[in-house]
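Colleague: Just passing along the structure, written as structure tokens.
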Amino acid sequence: MTRRRWIAEHWDEATATIVGAQAQHLAQVLRAQPGMEADVVAGGHVFHAEVAAIALNGEASQVRFNLIAEVEAEPALPVTLVMAVFKFDRMEWAIEKATELGVAEVAPVIARRTEKHLAQAAAKRAERWRRIAREAAQQSRRSDVPRIQDPVPLATRVRAAASATRIVLAEQERTITLCSLMDEAVKAAGDEMPTIEIAVGPEGGWAPAEEALFDANGWRAASLGPRILRAETAAISALAVVASCLE
Ligand code: SAM
């Protein structure tokens, strides 16, 4: 039987502890008792564990586990999704689905065509995005939680030094497909797993100056086909393509 997987907030060599809503859910909804078995993620490792102690105290509730043995965990996709901030409800959906697909990191950026009010409110959303990623990681039984960066101006991210293959999704690109760039990246990496960074534009698309900035900083433009996709569709389709090439 598949055991539930819990992501610990605190751990040491022999124990791991979950707190707050997770702990309350395990104790009150699932009626956990000492001795109950579970899988616990602690520091990026997955352990077969059993409940050692339960302390119910509202938001300060805690469930402590004894770690029994490490079990094999699947690695995240070595992909960073650079996402120009767009409508928050759709962006949250994209973060959830990207987490399910195994993304390692999401880097929100403010692009020229990011709506002003979204750009202003973005910094305060980062914690919520982290919570969504955490819940999606747990639901999809990941052994880690993707890193969600604080939003930065697009130019900061585009110019930052990186060893990854850097790809910008652009509906204007007609000939070079994401698939073909992934083939190149896989061949160039030989026996290693290539690391990939993929940028998705806002609802209004990239401004011409931004396309030039990507180009000047070594990013390669890629197409996802002849249809114009919504930003969240583009993000998730791209991750599915990358996953199918790397896994
Ligand atoms: N500029 C477009 C317009 O308003 O007609 C729409 C931009 S689209 C909604 C948002 C982002 O999704 C784009 O900046 C691009 O990164 C990505 N995208 C959408 N369709 C794509 C495609 N067919 N190929 C590559 N990227 C695509």
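The values are calculated or read from the model by the stated rules, or taken from the named source; none is laboratory data. Keep in mind the model is a prediction, meaning the values are calculated, not measured. A quick note on method: Cβ atoms are made from the backbone with ideal geometry, for glycine too, and the neighbour counts reach across all protein chains shown. Only protein heavy atoms, including side chains, enter the accessible area calculation; ligands, DNA and RNA are left aside. Shrake-Rupley method; radii C 1.70, N 1.55, O 1.52, S 1.80 Å.
Colleague: Conditions first: (1) surrounded by fewer than 18 Cβ atoms within 10 Å (Cβ to Cβ); (2) of a type in the set (S, T, Y); (3) within 6 Å of the ligand (Cβ to nearest atom). S237 passes all but one, so which condition is the exception?
Modeller: The single condition S237 does not satisfy is (3).
Colleague: Looking at segment 178-214 only, could you name the residues that are open to solvent by less than 50 Å² (accessible area, probe 1.4 Å), away from the ligand (no atom under 12 Å from the Cβ) and of a type in the set (V, I, T)?
Modeller: Of everything in segment 178-214, just one residue is open to solvent by less than 50 Å² (accessible area, probe 1.4 Å), away from the ligand (no atom under 12 Å from the Cβ) and of a type in the set (V, I, T), namely I196.
Colleague: Among the residues of segment 176-232, how many are of a type outside the set (V, I, T) and over 13 Å from V158 (Cβ atoms)?
Modeller: 31
Colleague: For segment 120-155, how many residues meet the condition of being open to solvent by less than 40 Å² (accessible area, probe 1.4 Å) and assigned to a strand (DSSP E or B)?
Modeller: Summing the residues that are open to solvent by less than 40 Å² (accessible area, probe 1.4 Å) and assigned to a strand (DSSP E or B) in segment 120-155 gives 1.
Colleague: Can you tell me which residue is farthest from P75 (Cα to Cα) among those in segment 221-234 that are assigned to a helix (DSSP H, G or I) and within 6 Å of the ligand (Cβ to nearest atom)?
Modeller: Checking each candidate, the answer is A231.
Colleague: Would you mind finding the one in T175, T156 that is more than 17 Å from the chain's Cα centre (by Cα), of a type in the set (S, T, N, Q) and within 16 Å of the ligand (Cβ to nearest atom)?
Modeller: Just one listed residue meets the conditions, T175.
Colleague: Same structure, new question: Filter segment 25-78 for residues that are touching a Ser or Thr at 6+ places or on another chain (Cβ under 7 Å) and in a loop (DSSP other than H, G, I, E, B); which is farthest from C245 (Cα to Cα)?
Modeller: Residue satisfying both the conditions and the ranking: G44.
Colleague: Sticking with this one: Any idea which of (1) within 16 Å of the ligand (Cβ to nearest atom); (2) open to solvent by less than 70 Å² (accessible area, probe 1.4 Å) is the one D89 doesn't satisfy?
Modeller: Condition not satisfied by D89: (2).
Colleague: Restricting the search to segment 9-21, which residues are assigned to a helix (DSSP H, G or I) and open to solvent by 30 Å² or more (accessible area, probe 1.4 Å)?
Modeller: Hit for segment 9-21 is A21, nothing else.
Colleague: Give me the pairs, please: first residue somewhere in segment 224-235 and assigned by TED's automatic domain parsing to the domain that holds K87 and over 12 Å from V168 (Cα atoms), second residue anywhere and among the hydroxyl-bearing types (S, T, Y) and outside any helix (DSSP H, G or I), beta-carbon distance under 8 Å, and either six or more positions apart or on two chains.
Modeller: G225/T177
Colleague: Something else about it: Using the structure shown, decide if G218 is in a loop (DSSP other than H, G, I, E, B), under 27 Å from A119 (Cα atoms) and more than 10 Å from the ligand (Cβ to nearest atom).
Modeller: yes
Colleague: Here's something else I'd like to know. Could you look through segment 156-166, keep only residues that are free of Cβ contacts under 8 Å to residues at least 60 places away in the same chain and surrounded by 16 or more Cβ atoms within 10 Å (Cβ to Cβ), and pick out the one that is farthest from I228 (Cα to Cα)?
Modeller: Here the residue is T165.
Colleague: Among (1) open to solvent by 70 Å² or more (accessible area, probe 1.4 Å); (2) under 20 Å from F88 (Cα atoms), there is one condition A231 misses while meeting the rest; what is its number?
Modeller: (1)
Colleague: Identify all residues within segment 128-170 that are at pLDDT 95 or above and acidic (D, E); write none if there are none.
Modeller: If the condition is that a residue be at pLDDT 95 or above and acidic (D, E), then D150 is the only one that fits.
Colleague: Six or more apart or on different chains, Cβ under 7 Å: which pairs go from a residue in segment 110-126 that's more than 19 Å from G205 (Cα to Cα) to one that's at pLDDT 95 or above and assigned to a helix (DSSP H, G or I)? Could you list them?
Modeller: Between residues of segment 110-126 that are more than 19 Å from G205 (Cα to Cα) and residues that are at pLDDT 95 or above and assigned to a helix (DSSP H, G or I), the close pairs are R125/F88.
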